[in-house]
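Notes to accompany the following structure.
The values are calculated or read from the model by the stated rules, or taken from the named source; none is laboratory data. Note that the structure is predicted; figures quoted are calculated from it, not measured. Note: ideal-geometry Cβ built from the backbone for every residue, glycine included; neighbour counts use all protein chains shown. These accessible areas exclude ligands, DNA and RNA; they are computed on the full protein's heavy atoms, side chains included. Shrake-Rupley method; radii C 1.70, N 1.55, O 1.52, S 1.80 Å.
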Amino acid sequence: MQDSFDITTLIFLGLAVFVIWRLRSVLGQKTGREQPPLDRFTRREPPVAPRPAPEGDNVVRLPGAASERPATAAQAEPAADRWAGVAEPGSAVARGLDEVARLEPGFDAKAFIGGAKVAYEMIVTAFAQGDRKTLKNLLSRDVFEGFDRAIAERERRGEKTETTFVSIDKAEITGVEVRNRVAQITVHFLSKLITATRDAAGKVVDGSPDTVVDVTDVWTFARALGVRDPNWQLVATEAGQ
């Protein structure tokens, strides 16, 4: 019996290490304005320079978001289709991505979107589970405080939320801003979720454990550019249309 427990524990520990390692190659950093997912309240504050995350934090690093490779002549004069599939040539988003890439030539927009999708699912799930430790490492301070208040209120009422991801149907960069070498990239998500909130007696008081719902969210991630720390953090969330 003890051997079985030990083997099972080792398996889950191995999976946890793998997941953390996988996610660390994808997001994390700080700037602030917010609301928790599915609990729609909004805060907006001026952006501030992100602070480095402590070494070893469970952050999600967006692949290719920061590179130590020097700029080349080709990168200095990007092709018109550099952001094909991500942004229209000459659009505000394309110009913003050009500015990000000017400061960090290795920036990969498609890899960023892939990492943002991982972070989106991870944050929504952690919020539903009340997993403050995971959230604290993925959110700016102001965003975390908003999420923490929502979780605390849910706990005060004795409620628990169950959330299951069915799919993320779309993740599109809709805004890019670079100010004082701090980049903010906004991503529009369309997803399908099954979500339900139960009271202390187990009765469903919100949502449905059997119904798939369409959810639209607009999230903004930020980090300081031109620094060795490649971590991004969620700095703003709002319900989309």
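Can you say whether Thr174 is under 23 Å from Glu88 (Cβ atoms), assigned to a strand (DSSP E or B) and open to solvent by 30 Å² or more (accessible area, probe 1.4 Å), as far as the supplied structure shows? Considered against the rule, which asks whether it is under 23 Å from Glu88 (Cβ atoms), assigned to a strand (DSSP E or B) and open to solvent by 30 Å² or more (accessible area, probe 1.4 Å), Thr174 comes out as yes. The listed residues are Val166, Val118, and the only one of them that is in contact (Cβ under 8 Å) with a residue 12 or more places away in the chain, part of a helix (DSSP H, G or I) and open to solvent by 30 Å² or more (accessible area, probe 1.4 Å) turns out to be Val118.
Among the residues of segment 79-102, those that are surrounded by 16 or more Cβ atoms within 10 Å (Cβ to Cβ) and either at positive phi or aliphatic (A, V, I, L, M) (or both) comprise Val86, Ala87, Val93, Ala94, Leu97, Val100, Ala101. When you scan segment 196-216, do you find a residue that is assigned to a strand (DSSP E or B), under 14 Å from Tyr120 (Cα atoms), of a type in the set (A, V, I, L, M, F, W, C) and open to solvent by less than 40 Å² (accessible area, probe 1.4 Å), even just one? Among the residues of segment 196-216, at least one is assigned to a strand (DSSP E or B), under 14 Å from Tyr120 (Cα atoms), of a type in the set (A, V, I, L, M, F, W, C) and open to solvent by less than 40 Å² (accessible area, probe 1.4 Å), which makes the answer yes. Among the residues of segment 211-238, those identified as at pLDDT 95 or above and either polar (S, T, N, Q) or more than 19 Å from Phe189 (Cβ to Cβ) (or both) are Thr211, Thr216, Thr220.
Taken over segment 143-160, the criterion of being surrounded by 19 or more Cβ atoms within 10 Å (Cβ to Cβ) and of a type outside the set (A, V, I, L, M, F, W, C) is satisfied by Gly146 alone. A search for C-beta distances below 6 Å between a residue of segment 190-204 that is farther than 12 Å from Lys160 by Cβ and any residue that is open to solvent by 30 Å² or more (accessible area, probe 1.4 Å) and part of a loop (DSSP other than H, G, I, E, B), counting only pairs 6+ apart in sequence or on different chains, returns Lys192/Val212; Ile194/Val212.
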